[in-house]
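Engineer: Sharing a structure, written as structure tokens. Questions coming.
The values are calculated or read from the model by the stated rules, or taken from the named source; none is laboratory data. Every value quoted in this text rests on a predicted model; they were computed, and no experiment measured them. So basically every Cβ, Gly included, is an ideal-geometry build from the backbone, and we count neighbours across all protein chains shown. When the accessible area is computed, the model is the full protein with side chains, heavy atoms only, and any ligands, DNA or RNA have been set aside. Shrake-Rupley method; radii C 1.70, N 1.55, O 1.52, S 1.80 Å.
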Amino acid sequence: MENIQKNKIYEEQFLLLAFISIVTFKIVMLPQYLISTASNNSYMVMFFMVAIEVMMLTVVFGIVKNGSILEQNIPKWLKGALAILVFLSSIIKCTVRGSEGIAYISTSLYANVSWTFITLALVITCIYIAEQGGKVLARSAQIFFWVIAFAVAFFMIFSQINLDPLNLMPFKISGELAIAGDKYLMWFGDFTPLLFVTVVPSKNHGKKRLAIWTALAVLCVFLFSVGLMLIFICTFGNAGELMGNAFLNVSSLNKIFFMIGSADLPTVLSWLVMYVVKFSLLLYAMISCAKFFFGDKMIISLICGIIVYCIICFGIGNLNTNYILATSWLRYLIISIEFAVIIAAYIAMRVSQSKKQQNAQSDNLAQPNANQTDMTQGEI
């Protein structure tokens, strides 16, 4: 019962976690990679893939409104199979994609600092957050949201970007778009970690308010991902393939920078808190799957953290290896798991609901017959 309460979150919190889950790794190195393959039309790849993610997360929302997949009334063997698949997916994304953030921190924020120290600090922090459950994770995201909001406001007020819309030309749909979408699949498909929370209606918030928040969340997802991609292309053109950390390069072009020097602290902080939430969410899914088999023990979380730490530091260790792994056959495995788990969980939920309705109807039919029998016996 305690675990169920730990994983209950409100609808607005789910939307915020979904926003962070989709956006975090799409504003760092991905714009550079997409431009290198699809040139100035790469924003279309971003739009198409993000649209698919948004649609799939609506399915996830429908599932978790009935409870976490580990708490729903579905066969235990199916829960176990889904847990194994999500554990595999989460550990790959946690290490391969997590390395991208660690590479940024080690090169841009703390020069010449070893990956081992950065990863250790990150894993300890995120393991602690993940161990507290989905409720604490969602509340942490709510607190961090104000850092993100401040960074956006700072960027809008002090931005000094010279946009050249001609950099988006010529507009054409070619095979390069499909190649780019295929090659960078690893940066898309962030559905399964959110299957381990239970969404409950917000107190004193009606359907109209939820509709407004949903529309704002979807709009922000496209603005942060596709919008940044468009700004990046309009600013740097095809030279963008030589520039990593898109969000940092774009945000550094502000009035304060041209007057006194670098003023990208708000942007960096906003991305860091998104990164911590995203990394914690992946670890949360990974830990939840492991605890399904081995019980709710703190040692399980520590073992998961040690596994992730060792793979990042001693298995990957640099951005080149990370890129090779992210664009390898592993991307097909990840995207297959993401879609297969969501489809299987949705079908299992619908079958469970159908059986429950049939049982309820059977009980309702049996009850009048029982009442008639009692009346007959009373007359006799």
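Engineer: May I ask you to verify whether residue 263 is at pLDDT below 85, surrounded by fewer than 24 Cβ atoms within 10 Å (Cβ to Cβ) and over 19 Å from residue 28 (Cβ atoms)?
Structural biologist: Working: at pLDDT below 85: yes; surrounded by fewer than 24 Cβ atoms within 10 Å (Cβ to Cβ): yes; over 19 Å from residue 28 (Cβ atoms): yes.
Yes, satisfied.
Engineer: Taking only pairs six or more apart or across chains, which ones have beta-carbon atoms under 7 Å, a first residue in the stretch 225-248 that is under 22 Å from residue 48 (Cβ atoms), and a second residue that is of a type in the set (Lys, Arg) and open to solvent by less than 30 Å² (accessible area, probe 1.4 Å)?
Structural biologist: 225/26
Engineer: Under 7 Å by Cβ, and 6 or more places apart or on different chains, what pairs join a residue from the stretch 87-108 that is touching a residue at least 24 places away in the same chain (Cβ under 8 Å) with one that is open to solvent by less than 10 Å² (accessible area, probe 1.4 Å) and among the hydroxyl-bearing types (Ser, Thr, Tyr)?
Structural biologist: Between residues of the stretch 87-108 that are touching a residue at least 24 places away in the same chain (Cβ under 8 Å) and residues that are open to solvent by less than 10 Å² (accessible area, probe 1.4 Å) and among the hydroxyl-bearing types (Ser, Thr, Tyr), the close pairs are 89/192; 101/275; 102/119.
Engineer: Which pairs do you get when a residue that is buried (at least 20 other Cβ atoms within 10 Å of the Cβ), found in the stretch 182-206, comes within reach of a residue that is acidic (Asp, Glu), reach meaning Cβ atoms under 6 angstrom, with the pair 6+ apart or on two chains?
Structural biologist: Here the result reads 189/338; 191/338; 192/338; 199/11, each pair linking the stretch 182-206 to a residue that is acidic (Asp, Glu).
Engineer: Go through the stretch 139-163 residue by residue and tally those that are open to solvent by less than 60 Å² (accessible area, probe 1.4 Å) and either part of a loop (DSSP other than H, G, I, E, B) or in contact with an Asp or Glu (Cβ under 9 Å, 6 or more places away or on another chain) (or both).
Structural biologist: So the answer is 1.
Engineer: Filter the stretch 11-60 down to residues that are hydroxyl-bearing (Ser, Thr, Tyr) and open to solvent by 10 Å² or more (accessible area, probe 1.4 Å) and give me whichever is nearest to residue 245 (Cα to Cα).
Structural biologist: Our first condition is that a residue be hydroxyl-bearing (Ser, Thr, Tyr); within the stretch 11-60, this holds for 21, 24, 33, 36-37, 39, 42-43, 58.
Then keep just the ones that are open to solvent by 10 Å² or more (accessible area, probe 1.4 Å); that gives 33, 36-37, 39, 43, 58.
Numbers: 33: 11, 36: 14, 37: 17, 39: 17, 43: 16, 58: 29 Å.
Looking at the filtered set, the residue picked out is 33.
Engineer: Are there any pairs, at least 6 apart or on different chains, whose C-beta atoms fall under 7 Å, with the first in the stretch 306-335 and closer than 20 Å to residue 126 by Cβ and the second open to solvent by 60 Å² or more (accessible area, probe 1.4 Å), and if so, which?
Structural biologist: What qualifies is 309/120.
Engineer: Pick out, from the stretch 1-103, the helices (runs of 4 or more DSSP H) lying fully within it that include 2 or more residues that are under 25 Å from residue 214 (Cβ atoms) and among the small types (Gly, Ala, Ser).
Structural biologist: Those helices (runs of 4 or more DSSP H) span 11-23, 42-64.
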